[in-house]
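This report concerns only the one structure given below.
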Amino acid sequence: MAPYHRISDPWSYEQEEEDHYGPGYEVGSYTKDYNDGPYDGESDLNVNSNPEGKPRILLMGLRRSGKSSIQKVVFHKMSPNETLFLESTNKIVKDEISNSSFVQFQIWDFPGQVDFFDSNFDCEMIFGGCGALVFVIDAQDDYIDALMKLNLTVTRAYKVNPNIRFEVFIHKVDGLSDDHKIEAQRDIHQRANDELMEEGFDSVNLSFYLTSIYDHSSYKKTLLQTFITDSNEALDLKLVCELSDVQNDETTFKPEMSHQIFGENESIFGYQNLKISLYYTAGKLNTYLGMTYKAEVDPKQFDGAIADDVMGAISAKLPPGYMTNLDDFVATLNKEQTFKPFGDLLSTYSINKGSATERHFQLYSCTIEETGFRSYHERLQTFLLWYVDAASFIDVDDDRWRFYLIFEKYPCDGGHRYAICGYATVYLYFAYPNKTRPRISQFLVLPPFQRLGLGAELLNVIYRSFLKDSNILDITVEDPSDEFTRLRDFVDAQNCKKLPSFSKEKLHQGFTAEMVDEAQRDLKINKKQARRVYEILRFQATNLSDLEEYRAYRLDVKRRLNIPYQKEASDYKKLQKALNAEELRSTLSTSTKEQRIENLEKQYQTIENEYRHTLERLAASQ
Ligand SMILES: Nc1nc2c(ncn2[C@@H]2O[C@H](COP(=O)(O)OP(=O)(O)OP(=O)(O)O)[C@@H](O)[C@H]2O)c(=O)[nH]1
Ligand SMILES: [Mg+2]
C-alpha cells in the first residue's frame, strides 16, 4: 500500500526541520517532504520573495476540493471534522503564517471559481511573487474538470513565472480504497503530464501527492456526516385551519431559505432524521414549535462535538406565547372562529368564479394602533425569516408604517373563517419639501397562496390606496428581490398600457417626459420604473421580424445601458489629466471597447429575457 500524507504531517515535519536548516527555509521544507531530489531552499526563496519579503504559497483548485480545509487543519489546528462547516471561499484569503521569527510566509487561499480571463485577476502580480502553487484535486469526485483547470492554471502561472513549484494534491483519499488511490494517482499523473507535453510545456514539473485531512479516522467523519441535516429540508411550516391539517402532509410548506437562523450552509448538526415543526393557526397565528429526531450525536464519541440548539435558535425569533405542546396548540383551534381581520377592508378578490371551487380573498390595510394588531404582527413577521433575504423586523413604533394584509375568507361550520395569505409593509417617507413618498418595504405571499394572482392584487391595492392623494409623489420599493421586480413589472406594465402616452405609436417615438409625467400623476410610478415599463411595452410593440425595427429597439435600450460607461469615460479623461501613464494604469482596470460592447450585449440579453417573461405573463392575463 502506498502511504499517503496526512496533511498535518508536513507541518510538524517543517518544525523539526526549522532548526536543522536555519532561517529562510520554510517554503522549501514544506515542499521538500514531497520531493525526491535535493532541494535548495535558499535560492528558491530569493526568486520567490514577494515585496514584503515573505514567500507565498497559493492554494488553488475547483470549488469544494478542500483548499480551505487544508489551510485550516494544517496551519490553524482546526479539527478535520470542523471543516465540514467551512463556507465556500469567495475572495482570495491571505493568511500570514509566522510560527516563529524564522518561519514566516503567506498562504493565499483562492475561491474555487477563479476566472483567469477576468480582467480583475492580475496574473502578473499573483503568480509573479509566488513560490509554490498547490493545486488541490478532489479524488472522491470526477476529476476531469479539475484536470482541465489544473492545466489552465499551470500554463498560465508558468508563463508568468517559470520558477513556481507545482504541487498537485490528490486530496480526500480517505474515502478511497488502497487500489483506487494508486489508480487515481497514476491516472491523474499521466493525464496531466500528457496534456502539458502536448501543449509544449515539457519543462514544467508537477509533483503529485495523495493527501487527506483525516488520519485513520475517516470512518468517524462518515458517521459524523450522517448527523448533518439540510435545515430547509428539516423544517415543516403549516397554517392550520382544522385538526386534520396537523397530520396532513399536503398542508406542509417549506422554507425558501433558513440561513438567517441556521447559518450560511443551511445545515443543522447533531441529529439523525430531524424534523422541525413550526405551525401556526391560520387566522390568529397561534404558534407551535416542536422537533423530533431519531438519534443525537454523542459528544464523547465525536471529539466533544455537541448538537446544535435548534429550539433555542428558532425560539429566539418567536414572540413569547408560542407553544411546545401540540395538544395545547390544537386546543387553540376552537378560538379561530372569533378571529376577524384587522383594519379597513380595501378590496375583495375571487378566483374560479361561479364554480364549486370558488375562493374569496379580502385585502385590508391598518396601522399598528389597531387593537390586537401589534402582537399579531409580531407573529406574522416571523414568516419573513424563511422567505425574505436579509429580513429585519421593523420598528413598528414609528407611526409612518402602513400594513396591508390579504386573508382568505373560507366557509367553515356553517359560518366563515379567515386564513392569512400574505402581507406587505409600506413606509411613508417624506419627499422634500412637502410630499410623501411611500416605500414598499416587505412583501410576502405565503407558499400555499402563491400563483393565485394575490401578489398582483396586493400591489394594486397598495397603489390604489395612494392614487387619490395629491400629497403622494410616487411609490418606491426597498431593495426589491428578482421575484418582486417581476411582479412589479407585470403590474406596472398592465396599468401603463392604458395610458395614452404609452400608445403603440408613441412607444416607437422613444421615451418621453410625457410618459414620466403621466405614469407619476396617474399611477404614482417613479421615473426609473416608468422607463423600464416603456422598454417592456415598446418591446411588445416591436415587430421582431422587422430587422430595422428590432435593431432600433436594441439600440434604444443599449443607449440607456451605456450611460454608466459614458460616465466612466468622462472620469477617465479627468484622471488622464491628473495622472501619469503609470499611475493611470494602476488606478484603472480600463476595459477595451470590444469588452464594453460585449458586456452591453450580455446586459441587453439578460434584460430582454426578463421583458419576455413579463410579456408572457401579460398575454396570459388577458
Ligand atoms: N473526506 C474528506 N473531506 C475533506 C477533506 N478535506 C476537505 N474535505 C471536505 O471538503 C469540503 C470542502 O472543503 P473546503 O475546504 O471548503 O473546500 P475549498 O476548496 O476551500 O472550497 P472553495 O472555497 O469553495 O473553493 C468540506 O466539507 C470538507 O470537510 C479530506 O481530506 N477528506
Ligand atoms: Mg475555500
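The values are calculated or read from the model by the stated rules, or taken from the named source; none is laboratory data. Note that the structure is a prediction, hence the values are computed from the model and not measured. No Cβ is skipped: glycine too gets one built from the backbone with ideal geometry, and neighbour counts run over all protein chains shown. Just so you know, the surface numbers come from the protein's heavy atoms only, side chains and all, with ligands and any DNA or RNA stripped out. Shrake-Rupley method; radii C 1.70, N 1.55, O 1.52, S 1.80 Å.
LEU600 falls short on exactly one of the conditions (1) touching a Lys or Arg at 6+ places or on another chain (Cβ under 6 Å); (2) closer than 19 Å to CYS496 by Cα, and that condition is (2). Just one of the numbered conditions (1) under 30 Å from PHE127 (Cα atoms); (2) within 16 Å of ligand 1 (Cβ to nearest atom) is not true of ASP174: (1). For the range 53-79, a residue qualifies if it is touching a residue at least 24 places away in the same chain (Cβ under 8 Å) and away from ligand 2 (no atom under 15 Å from the Cβ), and the qualifying residues are LYS54, PRO55, ARG56, SER79. Considering (1) open to solvent by 80 Å² or more (accessible area, probe 1.4 Å); (2) in a helix (DSSP H, G or I), the lone condition that TYR572 does not fulfil carries the number (1). With respect to the conditions (1) in contact with a Ser or Thr (Cβ under 8 Å, 6 or more places away or on another chain); (2) of a type in the set (Lys, Arg); (3) away from ligand 1 (no atom under 12 Å from the Cβ); (4) on the phi > 0 side of the Ramachandran plot, LYS77 falls short on a single one, namely (1).
Residues in the range 456-492 that are in a helix (DSSP H, G or I) and among the β-branched types (Val, Ile, Thr) were compared, and the one that is surrounded by the fewest Cβ atoms within 10 Å (Cβ to Cβ) is THR485.
Kindly evaluate TYR404 against the criterion of being touching a helix residue (DSSP H, G or I) at 6+ places or on another chain (Cβ under 7 Å) and crowded, with 19+ Cβ neighbours inside 10 Å. When the stated conditions are applied, TYR404 passes them. Of all residues in the range 140-153, those that are under 19 Å from THR211 (Cα atoms) have Cβ atoms under 7 Å from Cβ atoms of residues that are within 15 Å of ligand 1 (Cβ to nearest atom) and assigned to a helix (DSSP H, G or I), 6 or more apart or on another chain, in GLN140/GLY175. The residue that is farthest from ASN193 (Cα to Cα), counting only those in the range 135-157 that are more than 16 Å from ligand 2 (Cβ to nearest atom) and open to solvent by less than 50 Å² (accessible area, probe 1.4 Å), is ALA139. Name the residue, out of LEU537, LEU544, LEU615, LEU523, that is touching a helix residue (DSSP H, G or I) at 6+ places or on another chain (Cβ under 6 Å), surrounded by fewer than 13 Cβ atoms within 10 Å (Cβ to Cβ) and modelled with pLDDT of 95 or more. The match here is LEU544. Can you tell me which residues in the range 119-143 are of a type outside the set (S, T, N, Q) and under 20 Å from ASP174 (Cα atoms)? Answer for the range 119-143, where residues must be of a type outside the set (S, T, N, Q) and under 20 Å from ASP174 (Cα atoms): VAL134, PHE135, VAL136, ILE137, ASP138, ALA139, ASP141, ASP142, TYR143.
Conditions tested, residue by residue: (1) among the hydroxyl-bearing types (Ser, Thr, Tyr); (2) within 24 Å of ASP482 (Cβ to Cβ).
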site	(1), (2)
VAL533	no, yes
ASP556	no, yes
LEU584	no, no
LEU600	no, yes
TYR611	yes, yes
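Filtering the range 80-90 down to residues that are surrounded by fewer than 14 Cβ atoms within 10 Å (Cβ to Cβ) and within 10 Å of ligand 2 (Cβ to nearest atom), which residue is farthest from ASP115 (Cα to Cα)? Checked the range 80-90; the qualifying residue farthest from ASP115 (Cα to Cα) is GLU87. Considering the conditions (1) part of a loop (DSSP other than H, G, I, E, B); (2) without any contact (Cβ under 8 Å) to a residue 60 or more places away in the chain, PHE302 is excluded by exactly one of them, (2).
Look at the range 169-180: where a residue is over 14 Å from GLY61 (Cβ atoms) and a partner is modelled with pLDDT under 90 and among the aromatic types (Phe, Trp, Tyr), sitting 6+ places away or on another chain with Cβ atoms under 8 Å, you get VAL173/TYR4; ASP174/TYR214. The requirement of being over 30 Å from VAL173 (Cβ atoms) and open to solvent by less than 40 Å² (accessible area, probe 1.4 Å) is not satisfied by THR292. Do we find that ALA146 is touching a helix residue (DSSP H, G or I) at 6+ places or on another chain (Cβ under 8 Å), under 22 Å from SER69 (Cβ atoms) and assigned to a helix (DSSP H, G or I) in this structure? Considered against the rule, which asks whether it is touching a helix residue (DSSP H, G or I) at 6+ places or on another chain (Cβ under 8 Å), under 22 Å from SER69 (Cβ atoms) and assigned to a helix (DSSP H, G or I), ALA146 comes out as no.
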